[in-house]
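**Q** This structure is in structure tokens; I'll ask about it shortly.
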Amino acid sequence: MRKYLKIIWIFSKVNLQNEMAYRPSFFLAVIGKTTRMLILILVFQVIYFNTPLLAGWEYKDIFLLAITYLTIESIIITTFHRNLSYYLPDLIKKGNFDFVLTKPLNPLFYSSFRIIDSMDLTSSFLVIFLWYHYFTHYAGTFSLLSLILYLLLLGLGLIFLFSLLVIIASSAFWTVNATGLGRFFEEIVRTGRFPTDVFKGAFSFLFLYVFPIALIATVPSKAFLGTIDWRYLAYLAVFTFIFTLISKRVWNHALRHYSSASS
Amino acid sequence: MIAISAKNLSKNYEYYKKVPGLFGAFKSLFQREKLITEAVKSISFTVEQGELVGFLGPNGSGKTSTLKMLSGILHPSAGDAKVLDYTPWRRQEEYQKQFAIVMGQKNQLWWDLPAMESFILNKEIYEVPSDQFNKTLNYLADLLDITDILNVPVRKLSLGQRMKCELVAALLHNPKVLFLDEPTIGLDVVSQQKIREFLKKYNQERKTTILLTSHYMEDVVQLCKRVIIISKGRIIYDGNIKELIDRYATNKIVTVTFENDITVDQLSMFGEIIEFDKRRVVLKIPDQKVKENAARILATLPIDDILINEIKVEEIVRHIFQKNR
């Protein structure tokens, strides 16, 4: 565990150094990330503050849902999202995945965290500010239990998204040219920023049970607000556990299938 | 003690036939023909601990696939292999900490950063204690003469310097087995020679088992006593280089320069003419006739100089490959 934390630290340090290796691109990246942060605020305002009561959600609850989504997005963007969606297919295509398989390091860990882009932390500042705003303006009183449950469910949501991306990214071992994968995953995550209560009928069933994107933001928010059914939480815990096992099997199967690139 | 053993090791690659053109590409979306290439066909060999063995073969002969199976990158289609008593494709950490692979055509160093950063990453990945890391790094940097470039971004290094850094990155954890896939490819003659000298010394001092593939015969001739020749996925020779030369070098190369112009007709009786110029000829003459024919040339033609050479190993191997095509 210590070894892996040390390596994550080296990855982040090295990537920051890498970013700074080319001065113009470093400053462009700073401008890019800041712009992205500003656009996020804009999207946030347009969607959530110009919409009247949404599927029974009040403004303050919608605010919580939105920052939950932004927190999840911020974490996955800084860590595994780009690694598995874009860098892994590139490693496979060029045959450089060979080295990953020869090192005494979990290949999934290496593939998921090789590039920790410290620049992405810029969007985290916005998220922290929004959390501060929520707690000072909307949160009111809440129990420690609901906060712990919220954090646990946030973790469960992250595990669900990670497993989902591992399954999607594993297909790169067969398809090699896995260009559409990242976009596919992003669309799924984006659907998670709406409260799943807006979906009716078959879609509601789909997003709650079959493919529970509700886990991304709706479920943790509802748990914090104390409006969640415990039986449903138990279902999600079991679902995520089985889903993670499946993703592990898919990944291992994909590794066996790796045929390397010709030298 | 045996460090590497392969028993009936085979590797097949599956791929789909590509039909040229837009229509072909569209058609292959729905109907495609599966093809199988047998890259390695049931090969068996063993390598003793501390041995430095050359693995020779033309492009596509299966040597890199074999190396990739032995380093656990690829699963074999059939057969078995053991390296240091481990099954490589199980990818156990204990095994991975005891071997290294260097591929001349791929690099594992961070491109925009000094090689030192990649070395530090490897130190953590292989869990090398700091004092051992410093000691090994100093030893390798000295031996390869790269102490002054450790902090230069990799992209600014020459190909030779980069390859030296790749070797350091691979050897920092003191592997017992080292797989080298074309380590001198693309290097100039001087750099090639430096890498060879390093490998020779390293092998002698550390007793590391080395399996080396190369296109350059010089690498193999200078470094290896034993050579395994692979062609079309099968081993066609496994033994001493000297024996290889004795077995296949049944001719000698005789180069003669003349004081006056001569004709082809005056020479064809002595042996096979390889090169001809009015005052210089290169002949291939069977071993048993060299003495006799050289004496006749000296006696009958206006000789300025005569040189008798062994056939180059490169020629021998090329001949073997052609025979097995």
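The values are calculated or read from the model by the stated rules, or taken from the named source; none is laboratory data. These numbers come from a predicted model, not from an experiment. Don't worry about glycine lacking a Cβ; one is built from the backbone with ideal geometry, like all the others, and counts go over all protein chains shown. Surface areas here come from the heavy atoms of the whole protein model, side chains and all, with no ligands, DNA or RNA. Shrake-Rupley method; radii C 1.70, N 1.55, O 1.52, S 1.80 Å.
**Q** Can you give the net charge of the other residues whose Cβ lies under 13 Å from the Cβ of A:Ile242, counting K and R as +1 and D and E as -1?
**A** +2
**Q** Follow-up. What are the lysines whose alpha-carbon lies under 30 Å from the alpha-carbon of A:Lys200, with same-chain residues fewer than 8 places away excluded?
**A** Here the lysines satisfying the reach criterion relative to A:Lys200 are A:Lys60, A:Lys222.
**Q** Sticking with this one: Expressed in whole Å with the largest first, what are the equivalent ellipsoid semi-axes of the range B:1-145 derived from the C-alpha gyration tensor as the square root of 5 times each eigenvalue?
**A** Output for the range B:1-145: semi-axes of 36, 23, 14 Å.
**Q** Helix by helix, which DSSP H runs in chain A go 20 Å or more along their axis at the Cα atoms and have an average Kyte-Doolittle hydropathy of -0.5 or more?
**A** Taking the DSSP H segments of chain A (at least 20 Å long, mean hydropathy at least -0.5), we get A:2-21, A:23-44, A:59-78, A:121-137, A:144-170, A:230-257.
**Q** Quick one: P(r) of the protein assembly as shown from all Cα-Cα pairs, 10 Å bins, percents rounded to integers, in order of increasing distance.
**A** 3, 13, 20, 19, 16, 12, 8, 4, 2, 2, 1, 0
**Q** Would you tell me the accessible area of B:Lys7, worked out with a 1.4 angstrom probe on the heavy atoms of the protein chains, in Å² to the nearest 10?
**A** The value for B:Lys7 is about 140 Å².
**Q** If you don't mind, there's one more thing I want to ask. Please compute, over every Cα-Cα pair in the range B:251-312, the percentage with a separation greater than 15 angstrom. Walk me through the intermediate numbers first.
**A** Working: 757 of 1891 pairs.
Cα-Cα pairs of the range B:251-312 separated by over 15 Å account for 40 percent.
**Q** Taking the mean number of other Cβ atoms within 10 Å as a proxy for protection, how do you rank A:3-13, B:256-266 from highest to lowest?
**A** Per-residue Cβ counts within 10 Å, averaged per peptide and sorted highest first, yield A:3-13, B:256-266.
**Q** Normalised by the number of residues in chain A, what is the relative contact order in percent for Cα pairs under 8 Å and 6+ residues apart?
**A** On the way: 248 pairs, mean separation 70.7, N = 263.
Result for chain A is 27 percent.
**Q** Helix B:313-323 against the longest principal axis of chain B: what's the angle in degrees, Cα atoms only, rounded to the nearest 10?
**A** Helix B:313-323 sits at roughly 90 degrees to that axis.
**Q** Which value, in Å² rounded to 10, gives the accessible area of B:Glu315 with a 1.4 Å probe and all protein chains present?
**A** Roll a 1.4 Å probe over it and B:Glu315 shows about 80 Å².
**Q** Taking a probe of 1.4 angstrom, what is the accessible area of B:His319 in Å², to the nearest 10?
**A** For B:His319, the solvent-accessible surface is approximately 90 Å².
**Q** Using a basic spin-label model with each label point 7 Å from the Cα along Cα→Cβ, how many nm lie between A:Phe109 and A:Val30?
**A** Computed distance between label sites A:Phe109 and A:Val30 equals 3.4 nm.
**Q** I would also like to ask the following. Apply the Karplus parameterisation 6.51 cos²θ - 1.76 cosθ + 1.60, with θ equal to phi minus 60°, to every residue of the range A:88-94 and state each ³J(HN,Hα) to the nearest whole Hz, in sequence, with x for glycine and proline.
**A** Per residue, the Karplus-derived 3J(HN,Hα) values read 4, x, 5, 4, 5, 4, 7 Hz.
**Q** In percent, what relative contact order does the range B:251-312 have, based on Cα pairs under 8 Å that are 6 or more apart in sequence?
**A** Once normalised by length, the contact order is 50 percent.
**Q** Right, next: Counting only C-alpha contacts under 8 Å and six or more residues apart, can you give the relative contact order of chain B as a whole percent?
**A** For chain B, the relative contact order is 19 percent.
**Q** Just reorder B:Val19, B:Val83 by solvent-accessible area, largest first, 1.4 Å probe, all chains present.
**A** From most exposed to least exposed: B:Val19, B:Val83.
**Q** Let me ask something additional. In a solvent-free Debye calculation with one equal scatterer on each Cα, what is log10 I(q)/I(0) for chain B at q = 0.10, 0.11, 0.13 Å⁻¹, listed in the order of the q values?
**A** For chain B, the Cα-only Debye profile gives -0.73, -0.83, -1.00.
**Q** I've got another one for you. List the pairs from B:Lys17/B:Lys232; B:Lys225/B:Lys289; B:Lys63/B:Lys242; B:Lys68/B:Lys156; B:Lys97/B:Lys135; B:Lys242/B:Lys278 whose alpha-carbon separation is above 26 Å, in the order I gave them.
**A** B:Lys225/B:Lys289; B:Lys68/B:Lys156; B:Lys242/B:Lys278
**Q** With a cut-off of at most 14 other beta carbons within 10 Å, and DSSP calling the residue loop, which trypsin sites (Lys or Arg not before Pro) in the range B:23-58 qualify? Please list them.
**A** B:Arg32
**Q** May I pose another question? Counting only DSSP beta bridges with both residues in chain B, what percent are antiparallel, rounded to the nearest 5?
**A** If I count the DSSP bridges inside chain B, around 70 percent turn out antiparallel.
**Q** So what's the angle, to the nearest 10 degrees on a 0 to 90 scale, between helix B:159-171 and the longest Cα principal axis of chain B?
**A** So the inclination is approximately 50 degrees.
**Q** Taking a cut-off of 15 Å between Cα atoms, list the aspartates and glutamates near A:Lys13, but don't count ones fewer than 8 places away on the same chain.
**A** Correct list for A:Lys13: A:Asp117, A:Asp120, B:Asp112, B:Glu117, B:Glu124.
**Q** Based on the inverse mean of 1/r over its pairs of different Cα atoms, what is the Kirkwood hydrodynamic radius of chain A, in Å?
**A** On the way: mean 1/r = 0.0502 Å⁻¹.
About 19.9 Å for chain A.
**Q** How much FRET efficiency would the formula 1/(1 + (r/R0)^6) give for B:Phe30 and B:Arg318, where r is the Cβ-Cβ distance and R0 is 56 Å, rounded to 0.05?
**A** Efficiency, rounded to the nearest 0.05: 0.80.
**Q** Ordering B:Tyr15, A:Tyr69 by accessible area with a probe of 1.4 Å, largest first, what comes out? Walk me through the numbers on the way to the answer.
**A** On the way: B:Tyr15 100, A:Tyr69 10 Å².
The ordering from most to least exposed comes out as B:Tyr15, A:Tyr69.
**Q** Let me ask another. With both bridge residues required to lie in the protein assembly as shown, what share of the DSSP beta bridges run antiparallel, to the nearest 5%?
**A** Details: 44 of 62 bridges.
Expressed as a percentage, antiparallel bridges in the protein assembly as shown total about 70.
**Q** Given the C-alpha centroids of the range B:105-122 and the range A:148-201, what is the distance between them in whole angstrom?
**A** 32
**Q** So which aspartates and glutamates can B:Lys34 reach, going by Cα to Cα under 14 Å and dropping same-chain residues fewer than 8 places off?
**A** Candidates past the 8-residue exclusion: B:Glu14.
**Q** Whenever you get a sec, line up B:Ile149, B:Ile245, A:Ile31 from highest to lowest accessible area (probe 1.4 Å, protein heavy atoms).
**A** My answer, sorted largest first, is A:Ile31, B:Ile245, B:Ile149.
**Q** Would you mind counting up the charge near A:Gly32? Only other residues with Cβ under 13 Å from its Cβ, with Lys and Arg at +1 and Asp and Glu at -1.
**A** Details: positive: A:Lys33, A:Arg36; negative: A:Glu19, A:Asp117, A:Asp120.
Net charge in that neighbourhood comes out at -1.
**Q** For A:Val238, put the label point 7 Å out on the Cα→Cβ axis and report which residues of the range A:181-216 keep their amide N under 15 Å from it.
**A** A:209-210
**Q** For a protection proxy built on the mean count of beta-carbon atoms within 10 angstrom, sort B:126-135, B:233-242 highest first, please.
**A** Highest to lowest by the protection proxy: B:233-242, B:126-135.
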